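Here is the structure we will look at, set down as structure tokens.
The values are calculated or read from the model by the stated rules, or taken from the named source; none is laboratory data. Because the structure is a prediction, the values reported are computed rather than measured. Note: ideal-geometry Cβ built from the backbone for every residue, glycine included; neighbour counts use all protein chains shown.
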């Protein structure tokens, strides 16, 4: 559709009037009324982006720590305890690896079982995880890429073969362990039988390294051994309790599980089955956040509605005159809707960009605020002979994350942008439509009396 | 000669709940192009109602109004009304109703701009008419910066700038003091005569009525 020259002139006129009303009598670019409407949406949207990014960052980090350490799919024979031994597991391993092809990162035999840890007089229950580490030189095991970060010896990716264990950093801190220290593990030996019960097995291990997943339960409760050592400890020669699969893309869990089901005849459990409550909680949190996001935007848009209503109310008489001069309903609608719409869209778009910028630099911003507070605090303490304890907005000793995790969800931002545009149209359109329906005779009659 | 305005059997009534007040009771008259007509009558006689119907600000119950080849009836559409107001009539009200955020010049440009006339052309025409009504020195002033008399003359300039077929003025001097009233009548009469404008004015003021070439008296909804 092409606009005629006259229609284009009328459109330009309507936009010019709209801008003049938005500016009002202000010497600046916008009237206070229009500016507050814009500012409300801008602040609302940018804060929303920051909150969602930090929240998303925490969720992603949490998920990552779980997906990094736990196997993604576990294949067992015993449906109830998962402790039935699987003999001939290398054959199954090859079958599964061939069946999954590029989907899987690793397929391994594994033993995971509860144990009692003894360190001098201290006893605690832990989980032993036997991992089939590859070896390159016959003396050392090489830790695979997916294995969590080794914090001590920092950056090391090998451990000696033999009776060596890797424990989490939190366990090391709580037990006062150092590299080279000994711990004892007490485990049930062989398989449980009703007639003979279970025979305990006690064995001493030297600490080879400390790992850190960022997940407290793992870092304080898991002892990692090589699979060979674990098999000896549990008296399961050449057998494993489960075959574990790690995926390249954990989001493909459901699809890969279906593929595995065609190969593996017994029980298949995924990390999501194991951590069902945790993932359900994450999903619920996300849903609640989405609802809050929506309410947040609605609240910001109420500002646009109020601003547009105020503008219409302040120019009621003008509407009557403009209509008497031949302005159509569409012109009046445009005059009053375009300002509110522009404030809403501009506020949302700039708010999204500002929010992304702030989220990316949030840690620096918080550090700057922290430094400022502490500077004045120390100054006050020096002069007032008082004690000042430094404020820490991001406590470095908080366990889970050593930096503020930020995850900007661009898909969510796109949705936010689209929803903002739709709401801006409604927020500005509803009062403007009302204005366009005013009859000039009613307005002029009221004004005359 | 075909009259510019032909009103035939015009009826208009208002309803307030059960009560129906018949304001105009079958009015008919004609006005030729270039005529200056004053409509007089007591309060409540229906003068303003008649003027609003002539300017398509309101719709008649029955009867027709024909202005320069366009007909207004009770069945007129919204689009026809918009075009009629835009092209055929210019209004002057008792209050000037200038838009406060716009300068005097911009106010007078509005009727031309809504017709789709480019800005520069509209600006030249508006400046010319403002000069003629004695406001050449007030072009860039806001309505709040000029006097009531000047505002009313600017409103008159806004009504005539697009050279409409019909100019309708409802008590245009009602809010003016004697000096400004005289000035307004002088400007109105001069432009009407020079440009052969067709003007219908509703007024209580004898001074303004006497400036008209014809006077109609409206009593109890009928022309006397």
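Output the number of the condition that residue B:89 fails; it satisfies all remaining conditions of (1) within 14 Å of chain A (Cβ to nearest Cβ); (2) buried (at least 22 other Cβ atoms within 10 Å of the Cβ); (3) out of contact with any strand residue (DSSP E or B) (no Cβ under 9 Å at 6 or more places or on another chain).
Residue B:89 satisfies all of (1) within 14 Å of chain A (Cβ to nearest Cβ); (2) buried (at least 22 other Cβ atoms within 10 Å of the Cβ); (3) out of contact with any strand residue (DSSP E or B) (no Cβ under 9 Å at 6 or more places or on another chain) except (3).
Please state which one of B:153, B:158 is touching a helix residue (DSSP H, G or I) at 6+ places or on another chain (Cβ under 8 Å), within 13 Å of chain A (Cβ to nearest Cβ) and surrounded by 24 or more Cβ atoms within 10 Å (Cβ to Cβ).
Details: B:153 fails: within 13 Å of chain A (Cβ to nearest Cβ).
When all the criteria are applied, what remains is B:158.
Determine if the range A:396-406 includes at least one residue that is surrounded by fewer than 16 Cβ atoms within 10 Å (Cβ to Cβ), modelled with pLDDT under 85 and on the phi > 0 side of the Ramachandran plot.
No, the range A:396-406 has no match at all.
Looking at A:179, A:159, A:150, A:166, which one is in the same structural domain as residue A:122 (by TED's automatic domain parsing), crowded, with 19+ Cβ neighbours inside 10 Å, over 31 Å from the mean Cα position of the chain (by Cα) and within 14 Å of residue A:207 (Cα to Cα)?
On the way: A:179 fails: crowded, with 19+ Cβ neighbours inside 10 Å; A:150 fails: over 31 Å from the mean Cα position of the chain (by Cα); A:166 fails: over 31 Å from the mean Cα position of the chain (by Cα).
Of the residues listed, the single one that is in the same structural domain as residue A:122 (by TED's automatic domain parsing), crowded, with 19+ Cβ neighbours inside 10 Å, over 31 Å from the mean Cα position of the chain (by Cα) and within 14 Å of residue A:207 (Cα to Cα) is A:159.
Does the range A:390-404 include one or more residues that are under 30 Å from residue A:62 (Cβ atoms), more than 14 Å from chain B (Cβ to nearest Cβ) and in a helix (DSSP H, G or I)? Show your work before the answer.
Start the filter on the range A:390-404 by keeping residues that are under 30 Å from residue A:62 (Cβ atoms), which leaves A:390-404.
Those left that are additionally more than 14 Å from chain B (Cβ to nearest Cβ): A:390-404.
Applying the additional criterion that residues be in a helix (DSSP H, G or I) yields none.
Checking the range A:390-404: not a single residue is under 30 Å from residue A:62 (Cβ atoms), more than 14 Å from chain B (Cβ to nearest Cβ) and in a helix (DSSP H, G or I).
Of the residues B:175, B:180, which single one is part of a helix (DSSP H, G or I) and either touching a strand residue (DSSP E or B) at 6+ places or on another chain (Cβ under 6 Å) or closer than 20 Å to residue B:212 by Cβ (or both)? Step through it out loud before you land on a result.
Details: B:175 fails: part of a helix (DSSP H, G or I).
That would be B:180, the only listed residue that is part of a helix (DSSP H, G or I) and either touching a strand residue (DSSP E or B) at 6+ places or on another chain (Cβ under 6 Å) or closer than 20 Å to residue B:212 by Cβ (or both).
Residue-wise test of (1) at pLDDT below 90; (2) more than 29 Å from the chain's Cα centre (by Cα); (3) assigned to a loop (DSSP other than H, G, I, E, B).
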residue	(1), (2), (3)
A:56	yes, no, no
A:63	yes, no, no
A:66	yes, no, no
A:71	yes, no, yes
A:79	yes, yes, yes
A:95	yes, yes, no
A:98	yes, yes, no
A:105	yes, no, no
A:117	no, yes, no
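So which residues in the range A:1-18 are more than 10 Å from chain B (Cβ to nearest Cβ), surrounded by fewer than 21 Cβ atoms within 10 Å (Cβ to Cβ) and either in contact with a strand residue (DSSP E or B) (Cβ under 9 Å, 6 or more places away or on another chain) or modelled with pLDDT of 80 or more (or both), if there are any at all?
A:15
For the range B:64-81, name all the residues that are facing another protein chain (nearest Cβ under 8 Å) and in contact with a helix residue (DSSP H, G or I) (Cβ under 8 Å, 6 or more places away or on another chain). Write out each step before concluding.
First, the residues of the range B:64-81 that are facing another protein chain (nearest Cβ under 8 Å): B:78-79.
Matches in the range B:64-81: B:78 only.
Can you tell me which of B:130, B:98, B:110, B:135 is facing chain A (nearest Cβ under 10 Å) and closer than 18 Å to residue B:172 by Cα?
Numbers: B:130 fails: facing chain A (nearest Cβ under 10 Å); B:110 fails: closer than 18 Å to residue B:172 by Cα; B:135 fails: facing chain A (nearest Cβ under 10 Å).
Selected residue: B:98, the only one of B:130, B:98, B:110, B:135 that is facing chain A (nearest Cβ under 10 Å) and closer than 18 Å to residue B:172 by Cα.
Within the range B:67-78, identify whether any single residue is modelled with pLDDT of 90 or more and in a strand (DSSP E or B), and answer yes or no.
Checking the range B:67-78: at least one residue is modelled with pLDDT of 90 or more and in a strand (DSSP E or B).
Within the range B:4-27, count every residue that is touching a residue at least 24 places away in the same chain (Cβ under 8 Å) and either more than 22 Å from residue B:188 (Cα to Cα) or assigned to a strand (DSSP E or B) (or both).
Here is the first cut: in the range B:4-27, the residues touching a residue at least 24 places away in the same chain (Cβ under 8 Å) are B:4-13, B:22-27.
Restricting the remaining residues to those that are either more than 22 Å from residue B:188 (Cα to Cα) or assigned to a strand (DSSP E or B) (or both) gives B:5-13, B:22-27.
The number of residues fulfilling the criteria is 15.
For the range B:29-84, which residues satisfy the criterion of being within 15 Å of the chain's Cα centre (by Cα), crowded, with 21+ Cβ neighbours inside 10 Å and on the phi > 0 side of the Ramachandran plot?
Listed by number, the list holds a single entry, B:56.
On the given criteria, is residue A:441 closer than 30 Å to residue B:52 by Cα, in a helix (DSSP H, G or I) and modelled with pLDDT under 90?
Working: closer than 30 Å to residue B:52 by Cα: yes; in a helix (DSSP H, G or I): yes; modelled with pLDDT under 90: yes.
For residue A:441, the condition - closer than 30 Å to residue B:52 by Cα, in a helix (DSSP H, G or I) and modelled with pLDDT under 90 - is met.
Test of understanding: among A:327, A:336, which residue is within 14 Å of chain B (Cβ to nearest Cβ) and part of a loop (DSSP other than H, G, I, E, B)? First the steps, then the outcome.
On the way: A:336 fails: part of a loop (DSSP other than H, G, I, E, B).
One residue alone meets the criteria, A:327.
For the range A:28-41, indicate whether the set of residues that are in a helix (DSSP H, G or I), more than 13 Å from every other protein chain (Cβ to nearest Cβ), over 18 Å from residue A:424 (Cα atoms) and in contact with a helix residue (DSSP H, G or I) (Cβ under 6 Å, 6 or more places away or on another chain) is non-empty.
No, the conditions are met nowhere in the range A:28-41.
Would you check which residues across the range A:434-449 are more than 14 Å from every other protein chain (Cβ to nearest Cβ) and buried (at least 16 other Cβ atoms within 10 Å of the Cβ) and list them? It would help to see each step written out before you state the result.
So in the range A:434-449, the residues more than 14 Å from every other protein chain (Cβ to nearest Cβ) come out as A:434-435.
Listed by number, the list holds a single entry, A:435.
Within the range B:184-220, track down each residue that is touching a residue at least 40 places away in the same chain (Cβ under 8 Å) and in a loop (DSSP other than H, G, I, E, B).
Correct list: B:196, B:197, B:198, B:203, B:204, B:212, B:213, B:220.
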